[in-house]
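These notes are about the structure you will find just below.
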Amino acid sequence: VPVAEDASVGTVVALLSVSDRDSGENGRVRCWVWPASPFGLEATFAGSYSLVLREALDRERVSEYEVEVRAEDGGAPALRASRGLRVPVSDVNDN
């Protein structure tokens, strides 16, 4: 679903769930968005995250974002996974 270019900072764009069946430090998961973009992750509760808008969008400058959510566990060596997301930006002032 496209995100309107006039969406407020803090708007939730997607909900994500991340899990690791290990216990202790090996089961702890760290997540982030790559590359740097106007989106960020906020932990909502154990294993759940919201992809949120962190800065204003301008569709005339960027009409679509390709972001990757990366996750890494606390094991040694760490196990990693990623998932790509396409976030289109809709134009609110186009006739």
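What fraction of the DSSP beta bridges in the chain is antiparallel, stated in percent and rounded to the nearest 5?
Bridges in the chain are about 95 percent antiparallel.
Over the chain, with every protein chain in place, what whole percent of the accessible area is carbon and sulfur at 1.4 Å, could you tell me?
47
Assuming 0.36 nm per residue, please report the length gained on full extension of the stretch ASP22 to ARG54 beyond their Cα-Cα distance. Please list the in-between numbers first.
Working: separation 32, 0.36 × 32 = 11.52 nm, distance 3.16 nm.
Full extension of this stretch gives 8.4 nm more.
With every protein chain left in place, what is the accessible area of GLU66 in Å² (1.4 Å probe, nearest 10)?
110
Along each principal axis of its Cα atoms, how long is the chain end to end? Whole angstroms, biggest number first, please.
For the chain, the Cα extents along the three principal axes come out at 54, 22, 18 Å.
How big is the C-alpha Rg of region 1-56 next to the rule-of-thumb value 2.2 N^0.38 Å, as a ratio?
Its radius of gyration relative to the 2.2 N^0.38 Å reference: 1.30.
Output the peptides 76-84, 36-44 sorted from most to least packed, where packing is the average of other Cβ atoms within 10 Å over each peptide's residues.
36-44, 76-84
The values are calculated or read from the model by the stated rules, or taken from the named source; none is laboratory data. Quantities reported herein were computed from a predicted structural model and do not represent experimental measurements. Every residue, glycine among them, receives a Cβ derived from its backbone with ideal geometry; neighbour counts consider all protein chains shown. Ligands, DNA and RNA are stripped out before the accessible areas are found, and what is left, the full protein with its side chains, is counted by its heavy atoms. Shrake-Rupley method; radii C 1.70, N 1.55, O 1.52, S 1.80 Å.
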